[in-house]
Amino acid sequence: MRIDKIYIEKFKNLKDFSINLDETKMNTVLLGQNAAGKSNLLEALVIIFRDLDLEDETSFNYVLEYQCKDNYLKVEGGPKTTGKYKFFLGTKKSGIKEYSSKIIPKVEIKKNKDEYLPKYVFSYYSGVSNRLLEHFDKHQTRFYKALLEGIDAPPRPLFYARQIHSYFVLMAFYAFSDKKVSEFLKEFLGIIGLESVLFVLKEPVWAKNKKDAKPLNFWTSKGVVRNFLDDLWSASMAPIVHEETVREDFRRSHSQEQLYLYISNQNKLIEIATKYGTNTEFFKSLESTYISDLIQEVRVKVKKVNVNGDITFKELSEGEQQLLTVLGLLRFTKEDESLILLDEPDTHLNPLWKWKYMNLLEEYSGKDDTSQILMTTHDPLVIGGLTKEEIRIFYSKKAFDKHGKEFQKIETFEPDFNPKGLGVAGILTSEFFNLPSTLDEDTLKELEERNDLIVKQENDTLSVDEKLRLTELFYKLSNLGINTTDRDPLYQKFIIALADHEKSIIDQNVIVNKAEKSRIAFDILEKIIKESEK
C-alpha cells in the first residue's frame, strides 16, 4: 500500500488541495505550522478508506492514486461521483502511469478487497481530541458485534491505538522470547522483566439483563474471547469475585461486579500465550477481550533497572508508554499493504528518543516495501536523518474562490535539500521551519540593533547616546559568547555591505526569497574575501 497522489476538493481547511508523495519511500513526514492542514489530511484519509471498506459515500469529493499489491489504482469518490465511488486500474510504462477509463466493477472489489484496499489502516494520535477516534466507530461497532456473536477472527481493517494497548503490547513482548525486543525494553524503558499481571474483569453492558450472566461463566461471553478467558482462568491464582464501587466522576459512582484473575509470574503468561502461536495473535486476543467490554483494568508489574522491588507499568512516564504503544502496535498489526497514520507520535518523548525515532520505527516495526507511514511532527530532531523525498511541507497562501471570495489555500512542496547533516540549528532556520534564528527573540533584536549601529559608526553618524548603546551591546553580547566583530574585521565589513544591500531592496520595494538572500550573502562574502587578498 503506497499512496502516490491525493486531491481533496473541500475538507475543513483543505480546499482544492493536492499533494504528491514519493511512493517509493516507506516514510513521509508532514511539516508545517499549526492549523496548516497536516492532521486534516490524515483525518481525510481515514474517512476515505473507512467509507470504501463500508461501501459508504464520502461527504467530500476526492481523487486518490495508490498502489496496492501489484495494482495501480485511481479512486474517485464523494457526492459528485455516481455510485459513491469509482475504481480505475492503471499501468506504468517508462515511469508514467496511465489509467483506464473503464470502471472496475464493485462486485469485483467487494470479492477481492485485499487486491484493492489496504489490509490495515492504523492510526495513532497523542493529543486529547477525539476527532480522529470517532471515524473508527463504525468499524469498532462491527467488530464488537461480531465478537459478541462468537464469530472467530472477525475482520477489522481500521485500528485506532489507545493507552491500554501499551499494556497488551508489553505482555505480548514478554510472552514470547525475543532478544531484540528485550534489548529495546532494557535500553529505552529500563524494563528487565515482567513480575505479574492482574486482570480486573467487569460485568459488560451487554450482559446487564441476562439472568445467567455471572462472573464465573464470564457473563456468557463467546468465541475467541471466551476461549481466551478460559485460558486465563486456568493459569490464574485463586480467582476472586468482588463487588466494587466505581467512580464515574465527582458527582456519581456505581456498584460493579468484578472478577480478579491474577497471573503470578512471566512463566504463567508464557503458558497462556503459547497456545496462540505468535505474539501478534496473543495481542489480538487481549485486545478482543477489551473491545468486548470485559476488561475494567490491567495492572502490570515490571522490574526496572536500578529500582528496588517492582513497579506498576502505570508508573512509567507518558513518553515511555507512548513509545512502547506505537512501536509495539506497528510490530503486531503491520501486515502486507498497511497504511499507518501517526499524528504527532513524538509529543512526550525526550530529545534522545526523538533523535532516534525514525530509525526506531524502521528497526522495530520492520522495513516493509508494501506498507506506508505518514506522520506529522513539529520537532526538527525527528527529521534530522531524512532525505527531502521523505518530507512534505504544508503552508498557506492567499487565494480566491470562483465567487471572488478570499481564503487561505493550503499547499505543499518537497524541500529543495535534505535535512540530513544540517543539524538542529540548520533545520530550524531553513525552509523546514523558517525560524529567523535559533537565538531567542530578545537577543536577536539586540544583534540587529548592534549591526545597525555598526553601519552608522562606519558612516560617522553615531550620536553620543548611540555610541554608549553600541558599547553596551558589545559588552552584553560578548558575555554571551556571540560577539565577533571586534575579532573579525571582515565580518564587520560583511554586516555593513549586507545592510546597505537590504536598504536598497527596501527602497525598491522588492520581495526577496531565502534562496536569493543566500545568493546575495555569498556574493558579498566573495567580494570581501577577494578585496582582503589584494
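The values are calculated or read from the model by the stated rules, or taken from the named source; none is laboratory data. Small disclaimer: the values here were computed from a predicted structure and weren't measured. Backbone-built Cβ (ideal geometry, glycine too); neighbour counts: all protein chains shown. For accessibility, only protein heavy atoms count, side chains too; no ligands or nucleic acids. Shrake-Rupley method; radii C 1.70, N 1.55, O 1.52, S 1.80 Å.
Some points to look at:
- Straight-line reach from K84: taking Cα to Cα under 14 Å and skipping same-chain neighbours fewer than 8 places apart, the aspartates and glutamates in range are D51, D53, E55, D56, E57, E76.
- Per residue convex hull volume, Cα atoms of the range 157-227, in Å³: 156 Å³
- For the range 231-338: rounded, prolate or oblate by the Cα gyration tensor [a/c cutoff 1.5]: rounded
- Rounded percent of accessible protein surface that carbon and sulfur make up, the range 308-421, 1.4 Å probe: 46 percent
- Heavy-atom accessible area per residue - the range 1-79, 1.4 Å, Å²: 34 Å²
- Entries of K15/K354; K284/K388; K186/K222; K113/K420; K80/K405; K113/K145 with Cα pairs more than 27 Å apart: K15/K354; K284/K388; K186/K222; K113/K420
- Antiparallel bridges, percent of DSSP beta bridges restricted to the range 341-445 (to nearest 5): 75 percent
- Low-density loop cleavage sites - GluC sites (Glu not before Pro) in the range 77-183, where at most 14 other Cβ are within 10 Å (DSSP): E149
- Within the set (i) 24.1, 96; (ii) 29.4, 101; (iii) 23.4, 76, the number that Rg and Dmax of the Cα atoms in Å takes when calculated for this structure is listed as (ii).
- Screening the chain for whole DSSP H helices with an alpha carbon extent of at least 24 angstrom along the helix axis and a mean Kyte-Doolittle hydropathy of at least 0.5 yields 38-54.
- Percent antiparallel among DSSP beta bridges (both partners in the chain, rounded to 5): 75 percent
- Over all pairs of different C-alpha atoms, the range 109-154 has a mean inverse distance whose reciprocal, the Kirkwood radius, equals 12.9 Å.
- Carbon/sulfur fraction of accessible area - the range 84-171, other protein chains in place, 1.4 Å, %: 52 percent
- Antiparallel bridge percentage (DSSP; both residues within the range 73-168; nearest 5): 75 percent
- With 26 Å as the limit, the listed pairs K110/K202; K106/K138; K38/K356; K74/K397; K74/K119 have K110/K202; K74/K397 beyond it between alpha carbons.
- The length gained by stretching the chain between H403 and V464 to full extension, at 0.36 nm per residue less their Cα-Cα distance, is 16.1 nm.
- Counting only DSSP H runs of at least 4 residues, each contributing -39500 (n - 2.57), and dividing by the residue count of the chain, the helix-based mean residue ellipticity at 222 nm comes to -12000 deg cm²/dmol.
- Cross-link partners of K467 among lysines (Cα-Cα below 21 Å; sequence separation of 8 or more within a chain): K445, K456, K476, K493
- Restricting the calculation to Cα atoms, every distinct pair contributes to the Kirkwood radius of the range 311-443, found to be 17.2 Å.
- Largest accessible area first, the residues H165, H242 order themselves as H242, H165 under a 1.4 Å probe with ligands, DNA and RNA left out.
- Spacing of the modelled spin labels on K92 and V128, each 7 Å from Cα toward Cβ, amounts to 4.4 nm.
- Taking GluC sites (Glu not before Pro) across the range 32-67, the ones in a DSSP loop with at most 16 further Cβ atoms lying within 10 angstrom of their Cβ are E55, E57.
- For the range 313-355, the solvent-accessible area with a 1.4 angstrom probe is 35 square angstrom per residue.
- Shape category assigned to the range 15-113 from the gyration tensor of Cα positions, a/c cut at 1.5: oblate
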